[in-house]
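Trainee: Please see the structure below; I have some questions.
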């Protein structure tokens, strides 16, 4: 009798020696909550685990998610490369190395005698991780810099793909994709509960509930089911800090942030024909409020929640570091943000993509260029 996907996931986790948990590039609160839930649960099970959220600034990770300081935005090498020299016959006196013209030069100096090529061997080391758990990632491209920098590692490593997005391509070796779940964390709850309920504690329950609250706008969306509400009730019973979550998601906007959002909303434009909304912010908007472009990420989430008629939302702003216009694009299914912005060489995934225009293009000209191109693309993808 074949194993279910949940059973396969359990077996893969039990066999693993070191786990990497990842989410999509520039993820929002739901992706971060899913990572935090995995960290809390699997650490308690005794599994060595590391977490990466590509493109996420540590300062934007909600404080109510415990172990948030362990979530990295990038990761280093996946494995070492070993060079072995047999010194049993010819002893080593000195080892020197240098990097010249992008080449590593190693000099081994013998005490006496000399080595031959037969004394030297090469081999790649073991992978740093033997299992990847991908959360809220519709495809491998959504991992951003992780998929670009470590493609070989991802192709040779077992991946558990956990998601609730109908656009998910079932790209893992093990796929837990449930379109009836309101959030990826709801799928995690059932996975953890069926494995070992005693390992669920306040921290993992809080993270799981946070993802569900964020994705459903506090359980107000049409896809909320009795099963969802039952899970939420159980999580509160396990000690989930609901008030902290609500406070963190909905009630902690600073006055400068609200002022910046106010400026942005006064410039909100909407093309009803294609369902495109866009907002523009100048360099002075950030300087006068004392904020950075990271402060507008929450605004995108608010617009998505309260302006469902918008099929795509673009926030365009002048960069603080360079003379460039940068764009953050969000798209609702069936549209893909990465597809809509492909001509701009954007990075991101189906739900979010980011790109900057060439240096020297003014905000006015940049907005015109981006809106015209997005409008034309959306007309052909209806």
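Trainee: Is at least one residue of the stretch 61-68 assigned by TED's automatic domain parsing to the domain that holds residue 172, part of a strand (DSSP E or B) and surrounded by 19 or more Cβ atoms within 10 Å (Cβ to Cβ)?
Mentor: No: the stretch 61-68 contains no residue that is assigned by TED's automatic domain parsing to the domain that holds residue 172, part of a strand (DSSP E or B) and surrounded by 19 or more Cβ atoms within 10 Å (Cβ to Cβ).
Trainee: Does residue 85 fit the bill of being more than 30 Å from residue 338 (Cα to Cα) and either in contact (Cβ under 8 Å) with a residue 40 or more places away in the chain or surrounded by 11 or more Cβ atoms within 10 Å (Cβ to Cβ) (or both)?
Mentor: Answer is yes for this residue.
Trainee: Scan 90, 132 and give me the residue that is closer than 15 Å to residue 78 by Cβ, in contact with a strand residue (DSSP E or B) (Cβ under 7 Å, 6 or more places away or on another chain) and either outside the structural domain of residue 19 (by TED's automatic domain parsing) or not in a loop (DSSP other than H, G, I, E, B) (or both).
Mentor: Going through 90, 132 in turn, the sole match is 132.
Trainee: Any residue at all in the stretch 293-306 that's more than 23 Å from the chain's Cα centre (by Cα), closer than 24 Å to residue 164 by Cβ and at pLDDT below 90?
Mentor: yes
Trainee: Separate question: Quick check, is residue 216 surrounded by 20 or more Cβ atoms within 10 Å (Cβ to Cβ) and either over 30 Å from residue 366 (Cβ atoms) or in the same structural domain as residue 32 (by TED's automatic domain parsing) (or both)?
Mentor: When the stated conditions are applied, residue 216 passes them.
Trainee: Could you list, in sequence order, the residues of the stretch 160-172 that are surrounded by fewer than 21 Cβ atoms within 10 Å (Cβ to Cβ) and closer than 21 Å to residue 10 by Cα?
Mentor: 170, 171
Residue by residue, here is whether (1) within 20 Å of residue 71 (Cβ to Cβ); (2) in contact with a strand residue (DSSP E or B) (Cβ under 7 Å, 6 or more places away or on another chain) holds:
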site: 153; (1), (2): yes, no
site: 161; (1), (2): yes, yes
site: 171; (1), (2): no, yes
site: 197; (1), (2): no, no
site: 204; (1), (2): yes, no
site: 208; (1), (2): yes, no
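Trainee: With respect to residue 119, is the statement that it is surrounded by 13 or more Cβ atoms within 10 Å (Cβ to Cβ), more than 28 Å from residue 159 (Cβ to Cβ) and in contact (Cβ under 8 Å) with a residue 24 or more places away in the chain true?
Mentor: Judged against the criteria, residue 119 is a match.
To keep it simple, each residue is scored yes or no on (1) part of a strand (DSSP E or B); (2) modelled with pLDDT of 85 or more.
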| site | (1), (2) |
| --- | --- |
| 328 | yes, yes |
| 350 | no, no |
| 354 | yes, no |
| 358 | no, yes |
| 364 | no, yes |
| 368 | no, yes |
| 376 | no, yes |
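Trainee: For the structure I just gave you, tell me whether residue 25 is assigned to a helix (DSSP H, G or I), assigned by TED's automatic domain parsing to the domain that holds residue 215 and over 25 Å from residue 246 (Cβ atoms).
Mentor: Criteria not met by residue 25.
Trainee: Filtering the stretch 135-151 down to residues that are part of a helix (DSSP H, G or I) and touching a residue at least 12 places away in the same chain (Cβ under 8 Å), which residue is surrounded by the fewest Cβ atoms within 10 Å (Cβ to Cβ)?
Mentor: Among them, the one singled out is 145.
Trainee: Now for a separate question. Just to check your reading of the model, which residue among 71, 49, 19 is in the same structural domain as residue 142 (by TED's automatic domain parsing), surrounded by 14 or more Cβ atoms within 10 Å (Cβ to Cβ), touching a strand residue (DSSP E or B) at 6+ places or on another chain (Cβ under 6 Å) and under 19 Å from residue 183 (Cβ atoms)?
Mentor: Of the residues listed, the single one that is in the same structural domain as residue 142 (by TED's automatic domain parsing), surrounded by 14 or more Cβ atoms within 10 Å (Cβ to Cβ), touching a strand residue (DSSP E or B) at 6+ places or on another chain (Cβ under 6 Å) and under 19 Å from residue 183 (Cβ atoms) is 71.
The values are calculated or read from the model by the stated rules, or taken from the named source; none is laboratory data. Small disclaimer: the values here were computed from a predicted structure and weren't measured. So basically every Cβ, Gly included, is an ideal-geometry build from the backbone, and we count neighbours across all protein chains shown.
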